1. Quick check on this structure: which one of A:70, A:75 is within 14 Å of chain B (Cβ to nearest Cβ) and within 15 Å of ligand 1 (Cβ to nearest atom)?
2. Can you give me the number of residues within region A:8-25 that are outside any loop (DSSP other than H, G, I, E, B) and buried (at least 19 other Cβ atoms within 10 Å of the Cβ)?
3. What's the total number of residues in region B:171-182 that are more than 7 Å from chain A (Cβ to nearest Cβ), part of a helix (DSSP H, G or I) and without any contact (Cβ under 8 Å) to a residue 40 or more places away in the chain?
4. How many of the residues making up region A:1-16 are away from ligand 1 (no atom under 16 Å from the Cβ) and either closer than 24 Å to residue A:187 by Cβ or within 14 Å of chain B (Cβ to nearest Cβ) (or both)?
5. Output the residue which, of all residues in region A:87-121 that are more than 12 Å from ligand 1 (Cβ to nearest atom) and in contact (Cβ under 8 Å) with a residue 40 or more places away in the chain, is farthest from residue A:133 (Cα to Cα).
6. What tally of residues in region A:49-87 results from selecting those that are under 20 Å from residue A:168 (Cα atoms) and touching a strand residue (DSSP E or B) at 6+ places or on another chain (Cβ under 9 Å)?
7. Could you please give the count of residues in region B:157-170 that are free of Cβ contacts under 8 Å to residues at least 12 places away in the same chain and in contact with a helix residue (DSSP H, G or I) (Cβ under 6 Å, 6 or more places away or on another chain)?
8. What are the residues in region A:154-178 that are within 23 Å of residue A:72 (Cβ to Cβ), assigned to a helix (DSSP H, G or I) and away from ligand 1 (no atom under 16 Å from the Cβ), if any?
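Please treat every number below as a calculation from the coordinates, not as lab data. Since we're looking at a predicted model, the values are computed, not measured. We place every Cβ from the backbone using ideal geometry, glycine too, and count neighbours over all the protein chains shown.
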Ligand code: SF4
Ligand code: SF4
Ligand code: SF4
């Protein structure tokens, strides 16, 4: 199973029901008295956020959220494996492993990771809900998954216009995989090489996808290249050379007992 | 007879470097090698230590290193600069050949072992790279577009510092060097016998200087 999401921008009215659903499900904290506490400026911390662009004399909105990239820079740069892909390719964060280096926040070319540093009283609804001070992003509501069945994320459930579709890319008969295969739903900025798994159906006669769904951050050296350099060159170099230095140090220590030349 | 090996300035600089580098290494290695426990069980505390307990001692050490360079130039007490030259590289090769049993000759060692000079150069270059990349990342808002260049520079600096320091650490715990290690901790003095054994060229220079001083 390979879960993917499509946002049909022709159907989306911008009612923000998806944002409200995401916040209630993942961001808000619930106090014992049943009160809901939100961060200040809460829409900023929603895992799906509206973004408006000027297009000609109109203003159009799109939603930005984690693309669950196949070749995810955030996963590749994460030193501890706290950012990882589960068996279905959903990009998640294991907070027990996270050391808050925030490399993943910078590495995401779509700028979808947020960090909430304020106070928030009450309990989290589930283990993948917002963790204060840690990076946060869409999990496709993975906490709703039961067994190996496809589930329904909160935003998809809440959308009154069925503008959000969620399905299995590996199900050839499914609506989602057909829309993608027929090129009706497309991923933005394929040139970044991240292979996003969030697709958009652009508005008719609308802007090019490269212009509007996300604001990709064009770095001088892609984060994936830095991660590759670290993992295949710098780390092995460090381990072998320091290992050799320690080994030679020991040999030297043994040989220098009573040797007048040594220092 | 006791002779001065480490001036007060050299000792203070060394211990500032020791604190900054040790804290930086312990708090930085989980990020480089990718593990959390036990060091990063409190990430906020460790990050604060990494930012401040490395930056402050190292920032004090930098002007002291410059001062020490000036001191070595003008003190004239037989101490030589740590800056390696071609002669040091040739000597280092001879020592390596001797160490691996490929040559019988063992060159005379001056105030600094030539390997030590190369090590100091690598450590200082690495520290410069670490500071130039780490301080902006820790205390300034670097645009994300170029932040990974700083991360890369920081990793290269870390390697440049760590490899020689692993060797330095092994030499420091070697019993044949305990006298100079003790000198670094205390009054900076070693015995002439120790110097004759480990740094004969330097010991000879010191003796010559003393003979001259007595003659005058
Ligand atoms: S969109 Fe960003 S956070 Fe999501 S998987 Fe891709 S790089 Fe990671
Ligand atoms: S902050 Fe991001 S990159 Fe760093 S350990 Fe946590 S998940 Fe990984
Ligand atoms: S709930 Fe549906 S229609 Fe409303 S803003 Fe979200 S995606 Fe668009």
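1. On the way: A:70 fails: within 14 Å of chain B (Cβ to nearest Cβ).
It is A:75.
2. The qualifying residues number 7.
3. Counting residues in region B:171-182 that are more than 7 Å from chain A (Cβ to nearest Cβ), part of a helix (DSSP H, G or I) and without any contact (Cβ under 8 Å) to a residue 40 or more places away in the chain gives 6.
4. Count: 9.
5. The qualifying residue farthest from residue A:133 (Cα to Cα) is A:88.
6. Here is the first cut: in region A:49-87, the residues under 20 Å from residue A:168 (Cα atoms) are A:65-72, A:84-87.
Next cut, touching a strand residue (DSSP E or B) at 6+ places or on another chain (Cβ under 9 Å) only: A:65-70, A:72, A:84-86.
Total satisfying the criteria: 10.
7. Of all residues in region B:157-170, those free of Cβ contacts under 8 Å to residues at least 12 places away in the same chain come to B:166, B:169-170.
Now drop any that are not in contact with a helix residue (DSSP H, G or I) (Cβ under 6 Å, 6 or more places away or on another chain), which leaves B:166, B:170.
Number satisfying all stated conditions: 2.
8. Across region A:154-178, the qualifying residues are A:154, A:156, A:176, A:177.
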